[in-house]
1. Checking the table A:K268/A:K355; A:K73/A:K324; A:K428/B:K131; B:K42/B:K130; A:K146/A:K355 against a 27 Å threshold on Cα-Cα, which pairs fail?
2. Full-extension gain between A:E423 and A:E386, please, as 0.36 nm times their residue separation minus the C-alpha to C-alpha distance.
3. Please list, ordered by chain and number, the residues whose modelled amide H lies under 5 Å from the amide H of A:T427; skip anything fewer than 5 residues away on the same chain.
4. Can you tell me the Rg and Dmax of chain B, counting just the alpha carbons, in angstroms?
5. Sequence-distant or interchain residues sharing an amide H contact under 5 Å with A:S210, placed H: which?
6. Hey, got a sec? Which GluC sites (Glu not before Pro) in region B:1-68 land in a DSSP loop and have at most 11 other Cβ atoms within 10 Å?
7. Once amide H atoms are built 1.01 Å from N in the peptide plane, which residues 5 or more positions from A:T226, or in another chain, come under 5 Å H to H?
8. For region A:413-484, state which trypsin sites (Lys or Arg not before Pro) are in a DSSP loop and have at most 13 other beta carbons lying within 10 Å of their beta carbon.
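The values are calculated or read from the model by the stated rules, or taken from the named source; none is laboratory data. Computed from a predicted model, the values in this text were never measured in an experiment. Cβ atoms come from the backbone with ideal geometry, glycine included; neighbour counts cover every protein chain shown. Accessible surface areas use protein heavy atoms only, side chains included; no ligands, DNA or RNA. Shrake-Rupley method; radii C 1.70, N 1.55, O 1.52, S 1.80 Å.
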Amino acid sequence: MKIQDEKSFDELAGKQYKYGFVTDIESDSLPPGLNEQIVREISRRKNEPEWLTEWRVKAFKHWETMEQPTWAKVEFPPIDYQAISYYSAPKQKISAPKSLDEVDPELLATYEKLGIPLREQEVLAGVVAVDAVFDSVSVATTFRGKLEEMGIVFCSFSEAVQKHPELVRKYLGTVVPYKDNYFATLNSAVFSDGSFCYVPPGVRCPMELSTYFRINAANTGQFERTLLVADEGACVSYLEGCTAPQRDENQLHAAVVELVALGNAQIKYSTVQNWYPGDKDGRGGIYNFVTKRGHCRGDNSKISWTQVETGSAITWKYPSCVLKGDHSVGEFYSVAVTNNLQQADTGTKMIHIGKNTRSTIVSKGISAGRAQNSYRGLVRIQETAENARNFSQCDSMLIGDRCGAHTFPYIEVGNPTAQVEHEATTTKIGEDQIFYCNQRGLETEEAVNLIVNGFCKEVFRELPMEFAVEAQKLLGISLEGSVG
Amino acid sequence: MALLEIKDLHASVAGKPILKGINLTINFGEVHAIMGPNGSGKSTLSNVLAGNEAYEKTAGEVLFAEQNLDDLAAHERACAGMFLAFQYPVEIPGISNMYFLKAAVNAVRAYQGREQLDAMEFLDFVETRKKVVKIRDDLLERAVNSGFSGGEKKRNEIFQMAMLEPKLGILDETDSGLDIDALRIVADGVNALRSPERGFLVITHYQRLLNYIEPDFVHVLVHGQIVKSGGKELALELESEGYASWSGEEGP
C-alpha cells in the first residue's frame with residue numbers, strides 16, 4: 001500500500017466540494033471598500049440606535065491603528081480590505097419576511113440543498129430551532145413561538161437590536177471587547193448580522209438551538225456576531241454549521257461569538273465548520289479568522305466548546321473560556337482536519353480566575369496532503385485561582401509524509417495549588433494498519449475512516465447525536481482520496 | 001477444484017528477489033505446513049498471497065478457488081475467503097475490537113452478497129463463535145490489539161478467523177513468542193476450525209507447533225524455493241537434523 005504518492009494527489013483533484021453551488025439571487029450590497037462612511041451606512045441600513053453606531057465607529061477608528069497579527073503558523077498573501085464588500089443582503093420583495101412564505105423560494109431551495117430543516121414541519125421532526133444567516137443577514141428564525149412562551153429570546157442579531165436593545169447593550173462587547181484583536185475589532189465595526197439568544201433565569205432550553213451560516217455572494221466578507229446569554233441557572237445547547245460556494249478567490253470570514261454564563265448556568269456550543277477549503281492547488285477557499293470566547297461569570301457555571309473543523313483554506317480560531325466564577329468549568333473538544341494545502345492554527349485559551357475552577361482540553365488534529373495543522377493553547381492560572389485544575393490532551397495524526405502537525409502549548413501558573421496536566425501524542429496512519437484492515441475485508445478508504453473516527457471518538461461523543469453522525473460523514477468526505 | 005494453486009511464483013521486496021519459483025497446491029480440507037530457516041521467504045510468501053503491496057510479485061500465477069489473485073485487491077482477497085493471521089498484529093487505537101469485527105464481518109458479507117448483520121444478530125454470532133475459539137470478553141471490548149500481550153494478540157487473530165470463516169487460513173509464524181499454554185490455546189482454536197471446506201497454510205520456524213496442529217503435508221522452504229515436501233514425519237526429521245543440509249546454515 002503506497003500512501004500519498006503523486007497518483008493519489010491526482011485522485012484528490014477529482015474530489016468535489018459538495019456544497020459548492022451558487023444561488024442566483026439579487027443582492028443588495030454596498031460597494032467594496034471600508035471607511036467611516038461605510039460603517040455608518042451599515043448601521044443606518046440596519047436602523048440601529050446611536051450608541052451602537054458610535055460603538056462601531058469607535059471600533060473602526062481603533063482598527064485603523066492596528067496591524068494584522070502575524071504570530072499564527074499560517075501563510076497567505078496580504079488581504080486587501082478595500083476590495084471587500086462589507087454588506088450583502090439578499091434583496092427581498094418585502095423588507096422583512098414575516099413568515100417563510102415571504103422568503104425567496106430560491107433561497108429556500110438553497111437551504112434544502114444544504115439539508116437545513118428550515119421549514120418548521122421539518123424542524124419539528126428534528127427538534128432543532130434554526131436561525132439561518134445567508135451572507136450577512138438572518139433569513140428566518142424557526143420555532144420561535146414555542147421558545148417565546150418560555151421567555152427564551154432566539155432571533156437574528158439585528159432583530160435583537162430592535163426588540164431587546166437593553167439586553168444587547170448590556171452584554172455586547174463584554175466578553176470580546178471591540179479592542180480585543182484585529183479581526184474582532186474589524187467585526188465590531190462592520191458586523192452585519194448574526195444570532196442572538198437569551199435564556200432567562202432557571203430555564204432549560206428544551207431543544208438544540210442552531211444557526212446555519214452560508215456565504216453566497218462573491219467578494220463579500222461575512223462578519224456575523226453571535227451573542228448568547230444564559231442567565232442564572234439557565235441551560236442551553238447551541239449548534240452552528242457553515243458552508244460556502246466554491247469560488248476561485250478567497251473570501252474572508254471574521255466572526256465573533258460571545259457567550260455569557262451567569263451563576264449555575266450551562267452553555268454547550270458545538271460547531272461543524274465546512275467552509276469551502278480551496279482546490280487541491282490551494283486556489284480559493286475561506287479565510288476563517290474567528291474570535292470565540294465565553295465568560296463563566298457566576299459560580300458553578302459551565303461552558304463547553306465542541307468543534308469539528310474540516311473546511312476553510314485557513315483557520316485561525318481559539319474558542320476560549322474565562323473562568324471567573326468559583327467552581328466554574330470550561331471545556332474544549334476539537335477535531336481539526338486539514339488536507340491538500342489547507343492551514344489551521346487552532347486551539348483554545350482557558351483563563352482560571354475563580355477558586356476551584358476546572359478545565360479540560362481535548363484536541364485532535366489530522367493532517368493529510370501538504371496541509372499544516374497547529375494546535376495553539378493557553379492555560380493560565382491566575383493568582384486568585386486556588387485549587388484550579390486543568391487537563392490537556394493534544395493528539396496529532398499524520399496521513400502521508402508531506403503534511404505537518406505542530407503543537408504550541410502555553411502554560412502560565414500563578415498559584416502554587418494548581419494542578420495542570422498536558423499530554424501530547426503524534427501518530428501516523430501506517431501502511432501496516434491499512435493493510436491489516438484490508439486483510440480483514442475493509443477497503444482502504446473505509447479503513448482510513450475507521451482509524452480516523454477511532455482517533456476522534458473522544459470529541460465526537462461530546463457532539464449532539466445528529467451532529468455526530470454528520471461530523472463522521474464530513475470527515476470521510478474531507479479525507480477522500482488522501483490515501484491511495 | 002483446488003483451494004490454492006501456486007505456480008512458479010517469484011516475488012521481490014524492495015527490488016531484491018526473495019521467492020524464486022514456488023509451486024504448491026492446497027486442496028480443501030488439507031493442512032500444509034511450510035518450514036524454513038530465517039530469511040528463506042516464509043513471510044514473503046504469506047504477504048504476497050494476501051496482497052501486501054510492499055511485496056512485488058514478479059512472475060508466476062496464483063489461483064485461489066480458481067480466481068487469479070492478480071485480479072483481486074487485498075481487501076477482495078480477504079472477502080473472497082483468504083485470511084492471514086499476522087505474525088505481528090498491528091494496534092488500532094480508538095476502535096473497539098467488536099466494532100472492528102462487525103465492520104469486517106459485514107464487509108465480507110456484502111462482498112459475498114449476503115445480508116448485513118445488525119447489532120443483535122452480530123452479538124449472537126459472536127456468542128456462537130466464542131464457543132469455538134475462547135476469548136475473554138474484555139479483549140473484545142478493548143481497542144484492536146492495543147495493549148494486548150503477545151499471546152492475546154495471537155488469540156485475537158484466531159478469534160477473528162473464527163468470525164470471518166475463511167476458505168483458507170494462513171498462519172504466519174503464529175507460534176513465535178508464545179509460551180506453551182498460549183500455543184496450546186491457539187492450536188486448539190485452529191483445530192476447532194479444521195473442516196473439509198477449509199484449508200490451512202501453517203508457516204513456522206519450529207516443529208513444536210506441529211505437535212498441536214497436525215499437518216497433512218510439510219514443505220521445506222529454503223532460499224525462496226521448496227526444496228523438499230513430505231508427510232508430517234518430515235517435520236520431525238527437520239527437528240533432529242535442522243535446515244543445515246539444505247541451506248548450509250546452522251539449524252535451530
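1. With Cα atoms farther than 27 Å apart: A:K73/A:K324; A:K428/B:K131; B:K42/B:K130; A:K146/A:K355.
2. Taking 0.36 nm per residue and subtracting the Cα distance, the gain is 11.1 nm.
3. A:S396, A:M397, A:L398
4. Values for chain B (Cα only, Rg and Dmax): 17.8, 57 Å.
5. Those qualifying (amide H under 5 Å, at least 5 residues apart or on another chain) are A:A129, A:V130, A:D131, A:L239.
6. Within region B:1-68, the qualifying GluC sites (Glu not before Pro) (loop, at most 11 other Cβ atoms within 10 Å) are B:E66.
7. A:S195, A:V256, A:V257, A:E258
8. Qualifying residues, ordered by number: A:R461.
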